[in-house]
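As structure tokens, the structure follows; a few thoughts come after it.
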Amino acid sequence: KNQVEQSPQSLIILEGKNCTLQCNYTVSPFSNLRWYKQDTGRGPVSLTIMTFSENTKSNGRYTATLDADTKQSSLHITASQLSDSASYICVVSEYDNLFFGTGTRLTVIP
Amino acid sequence: NAGVTQTPKFQVLKTGQSMTLQCAQDMNHEYMSWYRQDPGMGLRLIHYSVGAGITDQGEVPNGYNVSRSTTEDFPLRLLSAAPSQTSVYFCASSLMWPGQTYEQYFGPGTRLTVT
């Protein structure tokens, strides 16, 4: 069964600290993996898209990694800011379908 | 570009009422889709369209209708609202099928409550 699991469910960190969010998937065949940021009351916004051949991709302070062999991805946030408080959603695509994780709720406190 | 716009932002319906959620995009995208987002669940696909005049069902299509008469607009109709349709609805668009590496853009969402 194709599944996307994210951990932790929620996370609280101090402003300025780093954090890493995890995404494990069982989707096959694999096409690409995306990370989205969803602010409260808004739609998801894409952070990164990675294909099978890419194992790391950065977007400012956000760095996503992909290990297609172990079917794991992580999103690392460097020097967190209050504006990073949001839900982060991992989405894995096989060629015909998108599979959405339930997200990690990140809260950055001053 | 306004991107993907949705109206209304909030809506309260009584059981049995019908309504249409509006979605429009100004990026000339062929692919458009509707999702619902419920607490503790990932986004679930309701209906999608690969171009004007072409629509198809997603994972949870029951109780919803769509049409695509133009490239820009993709309305979602609730035929007879039920409390189980209480959710946040997102419209999304991409140049082509997002299962490839095309960027998918989401609208701001419509929060629907059915009493």
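Being under 24 Å from A:S31 (Cα atoms) and among the aromatic types (F, W, Y) is a condition met by at least one residue of segment B:103-113. Summed over segment A:42-65, residues that are within 11 Å of chain B (Cβ to nearest Cβ), among the basic types (K, R) and assigned to a strand (DSSP E or B) total 0. Criterion applied to B:G42, B:G58 was being free of Cβ contacts under 8 Å to residues at least 24 places away in the same chain, closer than 26 Å to A:T104 by Cα and surrounded by 16 or more Cβ atoms within 10 Å (Cβ to Cβ), and the one residue passing it is B:G42. Here B:D38 passes the criteria (1) within 15 Å of A:P44 (Cβ to Cβ); (2) in contact with a Gly (Cβ under 8 Å, 6 or more places away or on another chain) except the one numbered (2).
State which residue pairs qualify: first residue without any contact (Cβ under 8 Å) to a residue 40 or more places away in the chain and within 12 Å of chain B (Cβ to nearest Cβ) and inside segment A:80-108, second residue of a type outside the set (K, R) and not in a strand (DSSP E or B) in any location, beta carbons under 8 Å apart, and separation of 6 or more residues or different chains. Pairs that qualify, where the first residue is without any contact (Cβ under 8 Å) to a residue 40 or more places away in the chain and within 12 Å of chain B (Cβ to nearest Cβ) and the partner is of a type outside the set (K, R) and not in a strand (DSSP E or B), are A:D96/B:G99; A:L98/B:P98; A:L98/B:G99.
Criterion first (more than 15 Å from the chain's Cα centre (by Cα), modelled with pLDDT of 95 or more and more than 24 Å from A:Q9 (Cα to Cα)) does B:T71 satisfy it? So B:T71 does not fit the description; no.
Checked against the criterion of being in a loop (DSSP other than H, G, I, E, B), polar (S, T, N, Q), exposed (fewer than 15 other Cβ atoms within 10 Å of the Cβ) and away from chain A (no Cβ under 11 Å), the candidates B:S84, B:S80 yield just one match: B:S80.
Evaluating A:D39 against the criteria (1) in contact (Cβ under 8 Å) with a residue 24 or more places away in the chain; (2) crowded, with 20+ Cβ neighbours inside 10 Å; (3) within 14 Å of chain B (Cβ to nearest Cβ) leaves one unmet condition, (2). Once segment A:90-109 is narrowed to residues that are modelled with pLDDT under 95 and of a type in the set (S, T, Y), the residue that is surrounded by the most Cβ atoms within 10 Å (Cβ to Cβ) is A:S93. Test A:F30 against the criterion of being outside any strand (DSSP E or B), touching a residue at least 12 places away in the same chain (Cβ under 8 Å), of a type outside the set (D, E) and closer than 28 Å to B:W97 by Cα, and give yes or no. Yes, satisfied.
The values are calculated or read from the model by the stated rules, or taken from the named source; none is laboratory data. Predicted model only: the values in this text are computed from it and were never measured. Here Cβ is always computed from backbone atoms with ideal geometry, including for glycine, and neighbour counts include all displayed protein chains.
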